[in-house]
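Presented below is the structure to which this report refers.
The values are calculated or read from the model by the stated rules, or taken from the named source; none is laboratory data. Keep in mind it's a predicted model, so treat the numbers as computed, not measured. Positions of Cβ are generated from backbone atoms using ideal geometry, with glycine treated the same way; all protein chains shown enter the neighbour counts. For the accessible areas, the whole protein counts, side chains as well, though only heavy atoms, and no ligand, DNA or RNA atoms are used. Shrake-Rupley method; radii C 1.70, N 1.55, O 1.52, S 1.80 Å.
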Amino acid sequence: MKTDPRQDPATGPTTGLATRPTARPATGPTATPGDAPTATPADAPAVDFRAATKTFGAVRAVDGLDLSVRRGETVALLGRNGAGKSTAINLLLGLDEADSGRVELFGGAPGTAVAAGRVGAMLQEGRPVPRVTVRELVSFVARTYPAPMPVADALALAGLTDLADRRADRLSGGQAQRVRFAVALVGNPELIVLDEPTAALDVEAREQFWASMRGYARRGNTVLFSTHYLEEADAHADRIVVVDSGRLLASGTSEELKRAAGGSLVSFDLGGGPTDWLSGLPGVTAYEVRGDRARLRTGDSDGTVRALAERDAIRALEVAPISLNDAFLTLTRQPEGPGAATRRATPGPSAAPTLETPR
């Protein structure tokens, strides 16, 4: 998303900078020219997809997506390549229109929220702007918003105070990514959308970026980010949403998703014994045998271990939680087609994983 080249009288050349997207009509309530903005309920979710679909030729990139993000939540959007994440982000930013269903931000059309400066976006595309300093760039973007935050605050939140007078095109990859974060922040949005924000960053740069993001979230703002680094979702998200083939596959905390996929790994030595009884153990959802060692995935590790103890099958016994990576792979390997069950962990600290059948 880039403005046309222009000369800013206060800061000098500021061509090609990435700014908020131009508002476009979107499905659901829309504002037409001359319409006065309508008040939205204070309790409306920050993001709300209702049976949204988007098709490109023969490919249905978003397929009846139902997804809601509460205000103040930090939500990770996970999915394989081609799962529909980027298309969903384009819909919620008003960069594209749903073919059917509804997409709303703060109870209204995405374009309305974007135009009001309530949404900031940091997308995958973007190149360094030549011949301008970080402060000049962020200051220019701030003037395009109706009620921006002070530039100094945006620079501080992004960890750029000491780099404010450096040229934006002479920064490292991690520093440039923080500049894009400051550009997304300076409009003082209530919601920020991050599409693969730490792609190609080294470990140190990723840690610095997430420290900046946590500072923004602590102000009570809403964060929606997509990532292929599952450890980032595990560490930084209040809730994790998994999409596949354009549909909601699972939603819940990291622990809830792990339980939904079979929350623990129990392993022990078989001692040369048979294996046909393993699948009948309490809580076991899957197992594999490597050499003489059995690895059981279970949703009830206590019950599994008790049953193993009763059979005196506890040689070199180990119990460990599964990783979010294991849970993700299990959830996205669920069978497709009519009647196929998908595992979903309902949000909430005491929620239990349930099986649902897609519509």
Estimated distance in nm for a label pair at Ala156 and Asn81, the labels positioned 7 Å out from Cα along Cα-to-Cβ: 4.2 nm
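Can you work out the FRET efficiency for the pair Val319 and Asp66, with r the C-beta to C-beta distance and R0 = 45 Å, to the nearest 0.05?
Result of the calculation: an efficiency of 0.80.
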For region 143-208: rounded, prolate or oblate by the Cα gyration tensor [a/c cutoff 1.5]: oblate
Charge dipole (region 91-167, unit charges on Cβ, about Cα centre) - positive-most of Pro110, Ala154, Leu92: Ala154
Extension gain from Ser267 to Glu231, taking 0.36 nm per residue of separation minus the Cα-Cα distance: 10.6 nm
Gyration tensor verdict on region 84-231 (Cα atoms; rounded if a/c is under 1.5, prolate if a/b is larger than b/c, oblate otherwise): prolate
Net dipole in debye of region 263-304 [+1 Lys, Arg Cβ; -1 Asp, Glu Cβ; about Cα centre; nearest 20]: 140 debye
Accessible solvent surface per residue of region 123-219, calculated while the other protein chains remain in place, 1.4 angstrom probe, Å²: 44 Å²
Charged-residue dipole, Cβ positions (Lys, Arg, Asp, Glu), region 54-194 about Cα centre, Debye nearest 20: 360 debye
Per residue value of the accessible surface for region 243-311 (all protein chains in place, 1.4 Å probe), Å²: 44 Å²
Two-site FRET efficiency, Asp169 against Ala51, from Cβ-Cβ distance with R₀ of 56 Å, rounded to 0.05: 0.80
Whole-percent carbon and sulfur share, accessible surface of region 133-175, 1.4 Å: 50 percent
Solvent-accessible surface (1.4 angstrom probe) belonging to Arg206, in square angstrom, nearest 10: 30 Å²
Gain in span if fully extended, Thr144 to Ala309, counting 0.36 nm per residue against the direct Cα distance: 52.7 nm
